[in-house]
Amino acid sequence: MAIRDIIILPDKRLRLVSEPVTAIDDAIRTLVADMFETMYDAPGIGLAAIQVAVPKRVVTMDLSRKDEEKQPRVFINPEIVWTSEEANLYEEGCLSIPEVHEDVERPERVRVRWTDLDGQTREETADGLFATCIQHEIDHLNGVLFIDHISRLKRHFITKKFTKMAARRAAE
Ligand SMILES: [Zn+2]
């Protein structure tokens with residue numbers, strides 16, 4: 001297992017549409033193990049493979065609290081098959097847009113279908129933080145970021161700030 005580098009806004013790879021996983025092989029199992037190590041190290045509650053520069057439809061998640069036992073979950077080729085009419089507002093953040101937190105409105109509940117590491121198809125209705133997190137991560141697989149759901153003015157301000165920081169890093 002290894003901690004991989006998390007790519008940061010405005011890295012263009014964050015806008016890629018990730019490819020479906022066709023076989024759960026050693027490369028996928030290693031990717032998942034590395035994603036968990038990277039996510040726990042960050043620390044974060046969810047990570048999409050593209051955030052470690054791998055354009056595959058893989059998501060890791062752990063919504064357990066600090067005082068609880070770890071609850072690692074893996075979603076391969078996840079898709080939303082139903083969304084509730086009711087919406088919810090949650091303050092979101094993203095490991096690829098560090099230190100930015102904004103309220104995002106999304107459907108309150110979603111039904112998610114995915115493949116687990118054993119190749120089994122699973123389905124579950126998500127609500128609360130789980131619903132928010134899985135929608136945020138599936139967005140990543142489609143090249144969408146949470147700042148795409150906020151006002152254009154705020155998005156522009158955040159993108160500009162990160163573009164300047166990247167230019168400064170490149171000049172060092
Ligand atoms: Zn994110």
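The values are calculated or read from the model by the stated rules, or taken from the named source; none is laboratory data. This structure is a prediction, so every number in the text was calculated from the model and none was measured. Because the Cβ atoms are built from the backbone with ideal geometry, glycine has one as well, and the counts that use them run over all protein chains shown.
Key figures for this structure:
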{"quantity": "Complete set of residues in the range 132-167 that are closer than 18 Å to Leu89 by Cβ, surrounded by fewer than 16 Cβ atoms within 10 Å (Cβ to Cβ) and either away from the ligand (no atom under 13 Å from the Cβ) or within 10 Å of the chain's Cα centre (by Cα) (or both)", "calculated": "Ser151, Lys154"}
{"quantity": "Residue match in the range 122-131 (condition: without any contact (Cβ under 8 Å) to a residue 12 or more places away in the chain and in a strand (DSSP E or B))", "calculated": "yes"}
{"quantity": "Residue match in the range 75-92 (condition: assigned to a helix (DSSP H, G or I) and either of a type in the set (A, V, I, L, M) or at pLDDT 95 or above (or both))", "calculated": "no"}
{"quantity": "Filter result for Pro43 (surrounded by fewer than 18 Cβ atoms within 10 Å (Cβ to Cβ), modelled with pLDDT of 95 or more, within 14 Å of the ligand (Cβ to nearest atom) and not in a strand (DSSP E or B))", "calculated": "yes"}
